[in-house]
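Below is one structure, written out as structure tokens; comments come after it.
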Amino acid sequence: MEEFNSLLELQTARRSFYVLGHDVPYTDAELEQMFKDTIRETPSAFNSQTVRAVFAFGDQHEALWDMVIERMRQVVSDPEAFEGTLAKLNGFKNAYGTVLLFTDTDVVKQLETDVPTYAANFYDWSEQAIGIVSYSLWLTAREHGLGGNLQHYNPLIDEDVRVAFNVPENWRLRAQFVFGSIEAPAQDKDYVADEVRFISVND
């Protein structure tokens, strides 16, 4: 397994890997604990801890992506276009597992009531928490020799997921982190020029 000597090395190695497989040297229980620890230690505004997760492995992972396939079949009416969509979705289905990320909207609403001064911010901050957790999971997977990609088939699959996995009504689906063994390299990444992206203010 690769070793990373710094956070920057790990960040550089993190990419969207789309060809993923089942050659994973961890049990489902070990993976779940690894991801739980990552989510637990990820910061959130006011320590609100609004992120919730469902871990789908094996048959449940495949069932999830079958749900997505059926929903997309209804949305993509052109048969030829759907074939391309199907190939992409089967790639996600061929991965090892999926972490579904949710926001607990009850917590957000309670914060809006309890701290009215910042009421307009709490939804945005909950979205930031989802982003931080997503990135942290991505780094954790890469640190352990795995690859992943982040998908957003919500809200198309929200109700299917809620019924299939007994998800509380107050959990709002925000992202799906797909992970597994890396079976093909990621594409090269382009970078915006520093002079466009950054401003330095110095005396």
Sort out which residues of the range 175-203 are open to solvent by 90 Å² or more (accessible area, probe 1.4 Å) and either touching a residue at least 40 places away in the same chain (Cβ under 8 Å) or under 30 Å from THR140 (Cβ atoms) (or both), and write them in order of number.
GLU183, PRO185, GLN187, ASP188, LYS189, ASP190, TYR191, ASP194, ARG197, PHE198
I'd like to know if the range 92-108 contains one or more residues that are more than 18 Å from the chain's Cα centre (by Cα), in a helix (DSSP H, G or I) and over 20 Å from ASN154 (Cβ atoms).
no
Filter the range 48-71 for residues that are in a helix (DSSP H, G or I) and open to solvent by 30 Å² or more (accessible area, probe 1.4 Å) and give the result.
GLY58, ASP59, GLN60, GLU62, ALA63, ASP66, MET67, GLU70, ARG71
Pairs under 8 Å by beta carbon, first residue within 26 Å of HIS152 (Cβ to Cβ) and of a type in the set (S, T, N, Q) in the range 4-18, partner open to solvent by less than 50 Å² (accessible area, probe 1.4 Å) and not in a helix (DSSP H, G or I), six or more apart or different chains?
SER16/GLY148; SER16/ASN149; SER16/LEU150; SER16/ALA186
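Can you name the residue in the range 19-54 that is among the basic types (Lys, Arg) and free of Cβ contacts under 8 Å to residues at least 60 places away in the same chain and is also farthest from ASN166 (Cα to Cα) among such residues? Steps first, answer last, please.
Taking the range 19-54 as the starting set, the residues that turn out to be among the basic types (Lys, Arg) are 36, 40, 52.
Filter again for free of Cβ contacts under 8 Å to residues at least 60 places away in the same chain, leaving 36, 40.
Details: LYS36: 19, ARG40: 22 Å.
Among those that are among the basic types (Lys, Arg) and free of Cβ contacts under 8 Å to residues at least 60 places away in the same chain, it is ARG40.
Residues are listed down the side, and each one gets a yes or a no for (1) touching a helix residue (DSSP H, G or I) at 6+ places or on another chain (Cβ under 9 Å); (2) within 24 Å of ASP124 (Cα to Cα):
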| site | (1), (2) |
| --- | --- |
| LEU20 | yes, no |
| ASP23 | no, no |
| ARG40 | no, yes |
| ALA45 | yes, yes |
| VAL51 | yes, yes |
| ARG71 | yes, no |
| ASP78 | no, no |
| ALA81 | no, no |
I need every pair where a residue in the range 66-84 that is farther than 28 Å from PHE165 by Cα and touching a residue at least 12 places away in the same chain (Cβ under 8 Å) has its Cβ under 6 Å from the Cβ of a residue that is open to solvent by less than 80 Å² (accessible area, probe 1.4 Å) and of a type in the set (Gly, Ala, Ser), sequence separation at least 6 or different chains.
none
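The values are calculated or read from the model by the stated rules, or taken from the named source; none is laboratory data. Predicted, not measured: the structure shown is a model, and the values here were computed from it. Here the Cβ is made from the backbone with ideal geometry for all residues, glycine too, and neighbour counts use every protein chain on show. The accessibility values were calculated without ligands, DNA or RNA, using every heavy atom of the protein model including side chains. Shrake-Rupley method; radii C 1.70, N 1.55, O 1.52, S 1.80 Å.
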